[in-house]
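Quick notes on the structure that follows.
The values are calculated or read from the model by the stated rules, or taken from the named source; none is laboratory data. Being a predicted model, the structure only gives us computed values, none of them experimental. All Cβ positions, even for glycine, are placed from backbone atoms using ideal geometry, and neighbour counts span all protein chains on display. Areas reflect the complete protein model, heavy atoms only, side chains present, ligands, DNA and RNA absent. Shrake-Rupley method; radii C 1.70, N 1.55, O 1.52, S 1.80 Å.
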Amino acid sequence: MTRKKWSWFTIVNYAVLSLLIVICLVPILHVIATSLSERIEAVAGNVGIWPKGFNLAAYQYVMEDAQFWKSLSVTLMRVAIGVPINIILVILTAYPLSKSNNRFHGRTFFSWFFVFTMLFNGGMIPGYIVISKLGLINSIWALTLTGAMNVSYMILMMNFFRGIPNEIEEAAVIDGANQAQVLFRIYLPMSLPSLATIILFATVANWNVWMDGYMYMNTPDKYPLQTYLATILMESKTNVEALMTPEQLARLSQISQKTIEAAQIFLAALPIMCVYPFLQKYYIKGIVVGSVKG
């Protein structure tokens, strides 16, 4: 049996990838370890990637924090509304722009128009004025409509559409299909890898953005989860002082602001970490094919 020889490229490739895996995993493990460690160890900075002691009091406190769950519900609503809007607009824009200039005469103009919006924008203050004049301040629509159309997603989907042979569409048209039927019955089923990739991107983007919540929401109970967590991290005072019941006061010796923040950060990232493995098989194919075809 011939023994497989490892080239220097293979060795270096595995070494670099292993290093990247470690770089990505260490911060996650540190946050989990901090959230599970004893108060004194976390405050002293003695926690690495393994918990010092084992303490679930921080998670218990987070579970009893009404504001955390309110912010989580806002984020879930944002994802439930924002992601479908993103996908619909991306599909309806990418499909006509994937056609040739002979079939869509305004394609060049609209393509450059969208590229221009990707490179330049009015800025934060004009954006706030627009949202304010539309009466969307302190509403879920201020979070979902401001980033409803993502040009990079559109380019990814457009290039994937271009890679589908024209003969398939021509055969469907001969059989009597209109453009809507061609799009929804032929193009989209064939574009599942690219579509899954865009859904993953849109979900992560809607889940992680925090700045717009800070700008457009006037009351903390309307904050999305990441805005709420960012506000806590920026505050100098501790939220532990808000514990008023005797049972909660008894846990003051077991938790600290650092362990609470670590527990909140991990719980906020957990849903995305659970969703990603189901879409990962489409991710590589979708991002590669959608970016090189056309």
Q. Counting just the residues of region 35-72 that are touching a residue at least 40 places away in the same chain (Cβ under 8 Å) and touching a Ser or Thr at 6+ places or on another chain (Cβ under 6 Å), which one comes out surrounded by the fewest Cβ atoms within 10 Å (Cβ to Cβ)?
A. 43
Q. Which of the residues spanning region 161-179 are surrounded by 15 or more Cβ atoms within 10 Å (Cβ to Cβ) and outside any helix (DSSP H, G or I)?
A. 163, 164, 177
Q. Looking only at residues in region 186-204 that are without any contact (Cβ under 8 Å) to a residue 60 or more places away in the chain and open to solvent by 30 Å² or more (accessible area, probe 1.4 Å), which one is nearest to residue 125 (Cα to Cα)?
A. 201
(Q) Quick check on my filter: what residues within region 227-280 are of a type in the set (Lys, Arg) and either at pLDDT 60 or above or open to solvent by 60 Å² or more (accessible area, probe 1.4 Å) (or both)? (A) 237, 258
Q. Just a yes or no: is a residue in region 106-121 over 21 Å from residue 180 (Cβ atoms), at pLDDT 85 or above and in contact with a Gly (Cβ under 6 Å, 6 or more places away or on another chain)?
A. no
Q.
Exactly one of these conditions fails for residue 115: (1) surrounded by 15 or more Cβ atoms within 10 Å (Cβ to Cβ); (2) farther than 27 Å from residue 273 by Cα; (3) among the hydrophobic types (A, V, I, L, M, F, W, C). Give me its number.
A. (1)
(Q) Exactly one of these conditions fails for residue 99: (1) modelled with pLDDT of 85 or more; (2) in a helix (DSSP H, G or I). Give me its number. (A) (2)
Q: Would you mind telling me which numbered condition in (1) among the aromatic types (Phe, Trp, Tyr); (2) loosely packed, with under 10 Cβ neighbours inside 10 Å; (3) closer than 22 Å to residue 268 by Cβ residue 9 fails?
A: (3)
